[in-house]
Amino acid sequence: MARASKNTTTPSPATPGPEQLDTSVLEALVGYNARRASIAIGAEFFERMAPYGLKQADFSVLALLAHNPGATSRQLCATLDILPPNFVSLIAALDRRGLIERRPHPRDGRAVGLHLTDAGHALAQETEKIVVEMESELAGRLTERERTTLQRLLQKFYLGKGEKRETR
């Protein structure tokens, strides 16, 4: 008796595209799933922030400065895991747009604090609302508890590096 092949149908010209691949090996990987989720969220973020000319890093800096006026470049680089040479051009671009300003740091005479201008505050507030709404829509498939759990679990990958893992 002849064995039937696994895929007995051939795509017709009306249904173009590659055959479905077995992705189970990838879908069992945390990194793969995190990256795919990041790509989906990033694409939506890019679309919604395009009218404002903001990338994810730009938005992150504006949001942090809105909630942490006077933060230094060193603090922002460490928090966002951005290399200082890359951060310089990001800050220069925000400065050229009139969104941030530099002021002497009140406690460290060698440091400079970064502050949002009035235009920076307005942009940060407007875009933060849009991003929170977007996140709410994208996470709509999750319960509040699932969302909180997902955030906590993902943060374990980048917060508290070097801490001992819980064993249960």
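Coordinate-derived values only; no laboratory data. Everything numeric here is computed off the predicted structure, so don't read it as measured data. With ideal geometry, Cβ positions are generated from the backbone for all residues, glycine too; neighbour counts draw on all protein chains shown.
Brief remarks follow.
- Added length on full extension, which subtracts the Cα-Cα distance from 0.36 nm per residue, L21 to V88: 19.8 nm
- Estimated distance in nm for a label pair at E133 and A40, the labels positioned 7 Å out from Cα along Cα-to-Cβ: 2.2
- Stokes-Einstein diffusion for the range 57-154 at 20 °C, viscosity 1.002 mPa s, with a Kirkwood radius from C-alpha pairs, works out to 145 µm²/s.
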